[in-house]
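Values in this text are rule-based calculations from the coordinates and carry no lab data. In this text the structure is predicted, and so the values were computed from the model without any measurement. No Cβ is skipped: glycine too gets one built from the backbone with ideal geometry, and neighbour counts run over all protein chains shown.
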Amino acid sequence: MIIITIDGPAGAGKSTTAKKIAQELNINFLDTGALYRAIGLILAKSEVRPEFLYEALNDINININKSGVYVNDFDVTKEIRTPEVDELASKYSALSEVRNALLNIQREQAKKASLIAEGRDLGSVVFPDADFKFYLTASPESRAQRRYNERIQRGETANYDEILQAIKSRDEHDLHREISPLKIPDNAIFIDNSNMSEQEVINFIIDKVRGSI
Ligand code: DC
């Protein structure tokens, strides 16, 4: 069993990279941002008051698998990818109750089978003993450009300047929150992919993993 973690800021390409590595190595893939997105969405929708947060979280059942993300059996796979949910996830992920509730869900996934997980605090907090830790980043401008291209390819409208601003504000929030801020985990291999193709990053990570096992 192996655990591989990829941490890094929004839009660095962690998800697509990790998904392809999972296929190549034939291991499971866990997108932890999707968990924070699902929780943010449901808490905002149900307008939970802060004093009832703990109880509300106990009643939320999140299930993430190959076909999508489900909250209490509702399919939220598409709904969690909107710019509004970008903000909600970032906001709710700063709360310790939310982070604690998700900690066990994430660790459970690694008990079942080998896993590549991506997020913000996987190498530092969730899986500090991971076999391989990577930190994937790129300049805010190249991350914004990729997000812009993705939205256009999906046939959506997009504004580069707005995306860049949103990325910078999420970075600010993710880097400076008190609990589990985004940081480079101890022993993580740092990759700046501003000038690398997706395939180059995938090959680099797979070479590292295969070279050591
Ligand atoms: O990777 P993403 O954009 O889907 O993540 C959505 C939000 O969730 C992001 O603003 C920060 C938060 N997050 C987190 O705090 N810890 C993680 N391990 C993953 C995501």
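See the values below:
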| item | result |
| --- | --- |
| Trypsin sites (Lys or Arg not before Pro) restricted to DSSP loop in the stretch 1-73 with at most 16 other C-beta within 10 Å | LYS66 |
| Rel. contact order, % - alpha carbon contacts under 8 angstrom, at least six apart, the chain | 34 percent |
| Residue-averaged [θ]222 nm for the chain, counting only DSSP H segments that reach four residues, each worth -39500 (n - 2.57) | -16000 deg cm²/dmol |
| Rg/Rh for the chain, where both radii come from Cα atoms and Rh is the Kirkwood radius | 0.94 |
| Of LYS111/LYS168; LYS112/LYS168; LYS19/LYS45; LYS45/LYS208; LYS66/LYS183, those spanning more than 32 Å from alpha-carbon to alpha-carbon | LYS111/LYS168; LYS112/LYS168; LYS45/LYS208 |
| Span from the the stretch 13-27 Cα centroid across to the the stretch 132-191 one, whole angstrom | 18 Å |
| Cut-off 14 Å between beta-carbons: net charge of the residues surrounding ASN195, Lys and Arg +1, Asp and Glu -1 | -2 |
| Proximal aspartates and glutamates to LYS91, defined as alpha-carbon separation beneath 15 angstrom and excluding residues fewer than eight positions away on the same chain | GLU47, ASP171, GLU172, ASP174, GLU178 |
| Estimated inter-spin distance, GLU51 and ILE206, nm [label 7 Å along Cα→Cβ] | 5.5 nm |
| Helix runs (DSSP H) in the chain reaching 18 Å along axis by Cα, Kyte-Doolittle at least -1.0 | 32-46, 198-212 |
| Cβ-defined net charge surrounding ALA34, 14 Å radius [Lys, Arg +1; Asp, Glu -1] | +2 |
| Calculated on alpha-carbon atoms, Rg and Dmax of the stretch 62-103 in Å | 11.2, 29 |
